[in-house]
Structure formats: C-alpha cells, structure tokens
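Peer 1: Have a look at the structure that comes next, please.
The values are calculated or read from the model by the stated rules, or taken from the named source; none is laboratory data. Remember, predicted model here, so these are calculated numbers, not experimental data. Counting neighbours? That spans all protein chains shown, and the Cβs are built from the backbone with ideal geometry, glycine included. We work out accessible area using only protein heavy atoms, side chains counted, and drop any ligands, DNA or RNA first. Shrake-Rupley method; radii C 1.70, N 1.55, O 1.52, S 1.80 Å.
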Amino acid sequence: GQLYGDVLYFATEALAGWTHSDPRPLYFWVYFVGLNGLWVLVPGVLVLDACRRLSAAQRGLDRPRHKAH
C-alpha cells in the first residue's frame, strides 16, 4: 500500500509538471526526491526480502522427502 501511494504521489506531481514542488535544486532533490524516496526504498527492500524468504521456504517444502523405513 505504501509503494502504491508513493507511486501515485510522484506520478501525479510529474504529470502536473512539478508545479507543486519548489524548483530550487536543494529543496527538490534533497527534500522532495531524497526524503520521499526513503518511503519507496524501505518498503521496496522489505518486499524483496520477504520474497526471498518466501522463495527459500517454498524450496524447502518442495524438496522430496525420504520415507523412514
């Protein structure tokens, strides 16, 4: 949900021609892109980590089991 909101936030601003953001480079790159980018980066890393762990767990369950005699 967080990533969806961030994409909408950045996309609507881009489609509006960046009219609602301060054009000064420090504000735009540090505050608008940098700090808001953290809200994309952190959930993105967590999603990738979750996918990696789920894949490893599924591989463990998919391994053939040997019958105990």
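Peer 1: Taking the condition of being outside any helix (DSSP H, G or I) and surrounded by 10 or more Cβ atoms within 10 Å (Cβ to Cβ), how many residues in segment 1-13 meet it? Write out each step before concluding.
Peer 2: First, pick out the residues of segment 1-13 that are outside any helix (DSSP H, G or I): 1.
Retained after the next criterion (residues that are surrounded by 10 or more Cβ atoms within 10 Å (Cβ to Cβ)): none.
Selection size over segment 1-13: 0.
Peer 1: Identify all residues within segment 36-51 that are of a type in the set (Gly, Ala, Ser) and either open to solvent by 80 Å² or more (accessible area, probe 1.4 Å) or touching a Leu at 6+ places or on another chain (Cβ under 7 Å) (or both); write none if there are none. Steps first, please.
Peer 2: From segment 36-51, those of a type in the set (Gly, Ala, Ser) are 37, 44, 50; that's our starting set.
Within segment 36-51, Gly44 is the sole residue that qualifies.
Peer 1: So, in segment 14-32, how many residues would count as being open to solvent by less than 70 Å² (accessible area, probe 1.4 Å), part of a helix (DSSP H, G or I) and modelled with pLDDT under 90?
Peer 2: Qualifying residue count for the region: 2.
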